[in-house]
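Asker: Structure below; questions to follow.
The values are calculated or read from the model by the stated rules, or taken from the named source; none is laboratory data. Fair warning: this is a prediction, and the values are worked out from it, not measured in the lab. Please note: Cβ atoms are built from the backbone with ideal geometry, for glycine as well, and neighbour counts cover all protein chains shown. With ligands, DNA and RNA removed, areas are computed over all heavy atoms of the protein, side chains included. Shrake-Rupley method; radii C 1.70, N 1.55, O 1.52, S 1.80 Å.
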Amino acid sequence: MSDFSHSMEIGISTFLETTPDPATGKIMNHAERLRNAVEEIVLADQVGLDVYGIGEHHRIDYAGSAPAIVLAAAAGMTKHIRLTSAVTVLSSDDPVRVYQSFATLDGISNGRAEIMAGRGSFIESFPLFGYSLDDYNELFEEKLELLLKIRESERVSWPGGHRPAIHNLPVYPRAVQDPLPVWIATGGNPESAIRAGILGLPVAFAIIGGMPERFAPLVSLYKEAAAKAGHDPGKLQIATHSHGFVADTTEQAADLFYPPTQAQMNVIGRERGWNQPYTRATFDDARSLRGALYVGDPEYVAEKILLLRKNLGVTRFFLHVNVGTMPHREVLRAIELLGTKVAPIVRRELARESE
């Protein structure tokens, strides 16, 4: 694995939103959203983006309950782009099946699959698969341990816990990559950052509010834990996932992205008991240089990504393109601009700094 201190990957993350269109009230059906996603991945590959991630959710306003299948649909039509979950809700899944799905994707894509394992910010999958939220932390720890065991060796023995024991059984197919990349995804929980560091696994932070620079202490905790556990700090990878949108002008990007974002943030806000409704002022504040929304023209978005790099040392940046439903052509345009305009500015600047 190379030294990541001079490079940076840029890509897209999505939950395959199928929320009502704020202008028309129409709801895109899941099948159409899934087909659109495949088109997005193919375009992202063509315009030179590094990675595309799909989050796993089990609710009506998202179509991505089986990310590996959607990614596999695009794998044969793409050449370079890395294909990852963002995230796999490992706590409520079976690590054997998770490994098999992503090892299968790895085979189809010839070594471009990744797993981003998280506990999930939504909880629908727990009752659906028969798990108790009382076991939220324990489930994740146990299943992560099993997933890493499966990744490490063909034959697995597992004492059992929430999942039945496995006695010296093989798991197939094996991934092309050895090891198959497994990231730990966290919304900013210090224990998660420390766990990723101890295990020497790459970490992904979801930064969807406040100021990204406030995550600097978590990055330090992660690096300290990794160094103490004997991992090479030069090989650590840090990703962030933030909402945003790119258009030809900053004004256009903001006007397109605000209505669906407002609608979806208010839905989630009601579910979670947030007191404040999401307003244009909140949105515009988050678009400022130090805010967590990456919305603007290519130069502005690149400037914000470079600031993030300076503050947190990230090696990978995911732009979560549509928080609510947006017209497919606008999303494709944003992906095109991210690949053809934003990423080249960031790469040039980093190359200049490392000279």
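Asker: Points 7 angstrom from Cα along the Cβ direction at A281 and I123: gap in nanometres?
Answerer: If labels sit at A281 and I123, their model points lie 3.2 nm apart.
Asker: Then there is this: Does region 1-103 come out rounded, prolate or oblate by the C-alpha gyration tensor, with a ≥ b ≥ c the root eigenvalues, rounded set by a/c under 1.5 and, if not, prolate when a/b is larger than b/c and oblate if not?
Answerer: oblate
Asker: Measure nothing but the geometry: give the 0 to 90° angle between the long axis through the Cα atoms of 30-46 and the longest principal axis through the Cα atoms of the chain, rounded to 10°.
Answerer: Helix 30-46 sits roughly 90 degrees off the main axis of the chain.
Asker: Another one. Extension gain N266-R329, at 0.36 nm per residue separation less the Cα-Cα distance, in nm?
Answerer: Details: separation 63, 0.36 × 63 = 22.68 nm, distance 2.47 nm.
Gain on stretching N266 to R329: 20.2 nm.
Asker: Hey, can you find the accessible area per residue of region 13-119 for me, probe 1.4 Å, expressed in square angstrom? Numbers along the way, then the final one.
Answerer: Details: 3700 Å² over 107 residues.
On a per-residue basis, region 13-119 sits at 35 Å².
Asker: Give me the percent of DSSP beta bridges within region 119-243 that run antiparallel, rounded to the nearest 5. Before the final figure, lay out each step's value.
Answerer: On the way: 3 of 10 bridges.
In region 119-243, approximately 30 percent of DSSP beta bridges are antiparallel ones.
Asker: For D284, what accessible surface area do you get with a 1.4 Å probe? Give it in Å², rounded to 10.
Answerer: For D284, solvent-accessible area is about 60 Å².
Asker: Which percent, to the nearest 5, of DSSP beta bridges fully inside the chain are antiparallel?
Answerer: Looking only at bridges with both residues in the chain, the antiparallel portion is about 10 percent.
Asker: Which of rounded, prolate or oblate describes region 131-208 when judged by the alpha-carbon gyration tensor and an a/c cut-off of 1.5?
Answerer: It comes out oblate by the Cα gyration axes.
Asker: Rounded to a whole number, what % of the accessible area of the chain do carbon and sulfur atoms account for, probe 1.4 Å? Kindly include the intermediate steps, with their values, before the conclusion.
Answerer: Details: 8260 of 15350 Å².
The value for the chain is 54 percent carbon and sulfur by accessible area.
Asker: Using just the helices of the chain, give the 222 nm mean residue ellipticity in deg cm²/dmol: DSSP H runs with n ≥ 4 each add -39,500 (n - 2.57), and the total is spread over all residues, rounded to 500.
Answerer: So the calculated ellipticity at 222 nm is -13500 deg cm²/dmol.
Asker: GNM, the chain, Cα, under 10 Å: largest mean-square fluctuation among G234, G187, G111?
Answerer: Of G234, G187, G111, the Gaussian network model singles out G234 as fluctuating most.
Asker: How big is the gap, in Å, between the Cα center of region 79-113 and the Cα center of region 281-355?
Answerer: 26
Asker: Still on this structure: Under 17 Å Cα-Cα from K228, which aspartates and glutamates qualify once same-chain neighbours fewer than 8 residues away are excluded?
Answerer: The reachable aspartates and glutamates, counting only those whose Cα sits under 17 Å from K228, are E191.
Asker: Next question. Sorted by accessible area (1.4 Å probe), largest first, how do F129, F215, F257 line up? All intermediate terms of the calculation are to be shown ahead of the outcome.
Answerer: Numbers: F129 100, F215 25, F257 0 Å².
Final ranking, largest accessible area leading: F129, F215, F257.
Asker: Follow-up. Spin-label point model (7 Å from Cα, Cβ direction): what's the V176 to A31 distance in nm?
Answerer: A separation of 3.1 nm, rounded to one decimal place.
Asker: In addition: Measure nothing but the geometry: give the 0 to 90° angle between the long axis through the Cα atoms of 343-354 and the longest principal axis through the Cα atoms of the chain, rounded to 10°.
Answerer: Helix 343-354 and the main axis of the chain meet at about 70 degrees.
Asker: Rounded to the nearest 10 degrees, what's the angle between the helix 95-108 long axis and the longest principal axis of the chain, both from Cα atoms, 0 to 90?
Answerer: The angle comes out near 60 degrees.
Asker: Now for a separate question. Using Cα positions and a limit of under 30 Å, work out the lysines in reach of K235, with same-chain residues fewer than 8 apart set aside.
Answerer: In chain and number order, the partners are K79, K143, K149, K223, K304, K310, K341.
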